[in-house]
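Participant: Can you read through this structure? Questions will come right after.
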Amino acid sequence: MVEMVKNKTIWECSSCGFTQSKWGGSCLNCSSWNSFFEKIQISEKVKRFEAKKVGSIPMRLKDIEISSFKRLETNFAHLDRLFGGGIAKGSLVLIAGNPGIGKSTLLLQLSNNFALQNLKVLYISGEESLEQTTLRASRINASSENIFIYSETNFSSIKLQIDQLKPDILIVDSIQILYKPEISSSPGSIVQVRELTTEFMHIAKGYGITTFLIGHVTKTGDIAGPRVLEHIVDVVLDFEGEKQNGFRLLRSVKNRFGPTDDIAIFQMTEKGLNEISNPSKIFLEKRDKNLPGTIVASAMEGIRAILIEVQALIASSGFSMPTRKCSGLDQNRLALLLAVLEKKVRFQIKDMDVFVSIAGGMKIKEPAIDLAILLAIASSFSNRNLPSNTVVIGEVGLSGEIRSVTRIESRIKEAINMGFENIILPKQNLKEITDSIKQKINVWPVDTAEDAIDKLS
Ligand code: TYD
Ligand code: MG
């Protein structure tokens, strides 16, 4: 199928696409530095993996049947929603994440769920031996006879097996370990990864084989190569989380067939990953309701509102340089909130040690949890607390004013669903609150940080 003649190597600038025959330090065209990477220019006679010629002649738009666009279900409800109502058949999906986060586990579980629907799954396990994969399979109870495991890294052999087996689902673990023998660069190089991904795209589209590629991310957060793959694939899901705690977030960063910026939350257990359908409940589970220094906040993760607990501990410092430590939030944000407390609310905390963390190991970037952090610190400092069952929402400005937040309605609804009775929110958001909401929860609008601190008793 692949007819090799002669491949020519050229160098391409990754920022502007300018090509030349030799490597160069800077680009003559756009002047960016260190942007050249090696690229194989495939000569005309080299054919790629021969795809079935579907739609090889122009068709009238109205004649194209949408019913042929099938969706496959994963058996994980939120994951299906993340894909936009199941995975579109024949799509090419990239799952990217740090080593050890659980990519192989997730895809083996997906393999099993597909296999139970009588779909044939071919799992290319390039990173681990057959025994290792089988061991994992026994942990998560995947034993369907529709799953085929193939331990191979040479693309030519893999291609042959795909041709013979004709699977419905193909899983590539991982794209960085495979190689095309006709390309001289080593596995994992930009050239290899890009060529392989293009081949898998042809396999997915031409044969309608739904294909999952696993990609490792480097320390800088790139998927090997400057995110070269992302342009080629249909869906990109980032798998995130701390290895220590069991929570894992699958975030959709690109989706040609559904929404982006949505998330699915999983928990790693002894028997694989479990989907968490009610994250707020899990994050608030071990909460001691009347402890000073703990405040419940509402954060948006994608399009979902999640309730989390912010914890602060303030203690007098034995040193001239007090400690300021936080986990799950931005250090600069903490510094700003401490400055507001010191200057605007006149809290004497400059000689105190301050520790703030988000319970459950979540990382929250959005400023809507500012007020909760500020109140948690104030609460620990003054040994007072909010009435139990209160949620706090609001961004804090430099002069201590409370600024409005986005999606106030989803946040309040989640608080009501979780049985909270009171909600502190920015006065600026008040006009968006309907009477029917006010009947379900006590709304306490605040204008300044001091207003909010007055609610501590
Ligand atoms: P793995 O899927 O191998 O991660 P990746 O493919 O992203 O590198 O699994 C990561 C970790 O998960 C590993 O340290 C073992 C752990 N694990 C469990 O806790 N429970 C399980 O059921 C399985 C299969 C793995
Ligand atoms: Mg793995």
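The values are calculated or read from the model by the stated rules, or taken from the named source; none is laboratory data. Note that the structure is a prediction, hence the values are computed from the model and not measured. Please note: Cβ atoms are built from the backbone with ideal geometry, for glycine as well, and neighbour counts cover all protein chains shown. Accessible surface areas use protein heavy atoms only, side chains included; no ligands, DNA or RNA. Shrake-Rupley method; radii C 1.70, N 1.55, O 1.52, S 1.80 Å.
Participant: Go through segment 277-295 and count every residue that is assigned to a loop (DSSP other than H, G, I, E, B) and under 20 Å from residue 356 (Cβ atoms). So that I can check it myself, show each step before the final result.
Facilitator: Taking segment 277-295 first, the residues assigned to a loop (DSSP other than H, G, I, E, B) are 277-278, 285-293.
Pick out the ones that are also under 20 Å from residue 356 (Cβ atoms) and you get 286-293.
Number of matching residues: 8.
Participant: OK, next. For segment 367-398, give me each residue that is touching a residue at least 40 places away in the same chain (Cβ under 8 Å) and open to solvent by 40 Å² or more (accessible area, probe 1.4 Å).
Facilitator: 381, 383, 384, 387, 388, 398
Participant: What single numbered condition from (1) more than 17 Å from residue 211 (Cα to Cα); (2) part of a helix (DSSP H, G or I) fails to hold for residue 82?
Facilitator: Result: residue 82 fails condition (1) only.
Participant: Separate question: Can you tell me which of 190, 124 is more than 16 Å from ligand 1 (Cβ to nearest atom) and in contact with a helix residue (DSSP H, G or I) (Cβ under 9 Å, 6 or more places away or on another chain)?
Facilitator: Residue meeting the stated conditions: 190.
Participant: Something else about it: Go through segment 230-278 and give me each residue that's within 16 Å of ligand 1 (Cβ to nearest atom) and open to solvent by 50 Å² or more (accessible area, probe 1.4 Å).
Facilitator: Hits for segment 230-278 are 240, 242, 243, 244, 267, 268, 270, 271, 274.
Participant: For segment 173-190, which residues satisfy the criterion of being open to solvent by 10 Å² or more (accessible area, probe 1.4 Å) and within 18 Å of residue 231 (Cα to Cα)?
Facilitator: If the condition is that a residue be open to solvent by 10 Å² or more (accessible area, probe 1.4 Å) and within 18 Å of residue 231 (Cα to Cα), then 176, 188, 189, 190 are the ones that fit.
Participant: Could you list, in sequence order, the residues of segment 75-101 that are open to solvent by 10 Å² or more (accessible area, probe 1.4 Å), within 16 Å of ligand 1 (Cβ to nearest atom) and either at pLDDT below 90 or more than 20 Å from residue 119 (Cα to Cα) (or both)? Outline the logic, then answer.
Facilitator: First, pick out the residues of segment 75-101 that are open to solvent by 10 Å² or more (accessible area, probe 1.4 Å): 75-78, 80-81, 84-85, 89, 98-100.
With the extra rule that they be within 16 Å of ligand 1 (Cβ to nearest atom), the set shrinks to 76, 98-100.
Those that are open to solvent by 10 Å² or more (accessible area, probe 1.4 Å), within 16 Å of ligand 1 (Cβ to nearest atom) and either at pLDDT below 90 or more than 20 Å from residue 119 (Cα to Cα) (or both): 98, 99, 100.
Participant: Here are the criteria: (1) outside the structural domain of residue 355 (by TED's automatic domain parsing); (2) in contact with a helix residue (DSSP H, G or I) (Cβ under 9 Å, 6 or more places away or on another chain); (3) of a type outside the set (D, E, K, R). Tell me which single one residue 294 does not satisfy.
Facilitator: Of everything listed in (1) outside the structural domain of residue 355 (by TED's automatic domain parsing); (2) in contact with a helix residue (DSSP H, G or I) (Cβ under 9 Å, 6 or more places away or on another chain); (3) of a type outside the set (D, E, K, R), residue 294 misses just condition (1).
Participant: If you take the residues in segment 399-442 that are of a type in the set (A, V, I, L, M, F, W, C) and assigned to a helix (DSSP H, G or I), which one is surrounded by the fewest Cβ atoms within 10 Å (Cβ to Cβ)?
Facilitator: 430
Participant: Also, I was wondering about something else. Got a sec? Which of 116, 130, 122 is crowded, with 21+ Cβ neighbours inside 10 Å and at pLDDT 80 or above?
Facilitator: Values: 116 fails: crowded, with 21+ Cβ neighbours inside 10 Å; 130 fails: crowded, with 21+ Cβ neighbours inside 10 Å.
Every option except 122 fails the conditions.
Participant: Could I ask something else about it? Among the numbered criteria (1) in contact (Cβ under 8 Å) with a residue 24 or more places away in the chain; (2) over 18 Å from residue 257 (Cα atoms), which one does residue 186 miss?
Facilitator: Evaluating residue 186 over (1) in contact (Cβ under 8 Å) with a residue 24 or more places away in the chain; (2) over 18 Å from residue 257 (Cα atoms) leaves (1) as the failure.
Participant: Return the pairs, sorted by first residue and then second, in which the second residue is in a loop (DSSP other than H, G, I, E, B) and more than 6 Å from ligand 1 (Cβ to nearest atom), the first residue lies in segment 93-105 and is under 16 Å from residue 169 (Cα atoms), the beta carbons are less than 6 Å apart, and the residues are 6+ apart or on different chains.
Facilitator: 94/233
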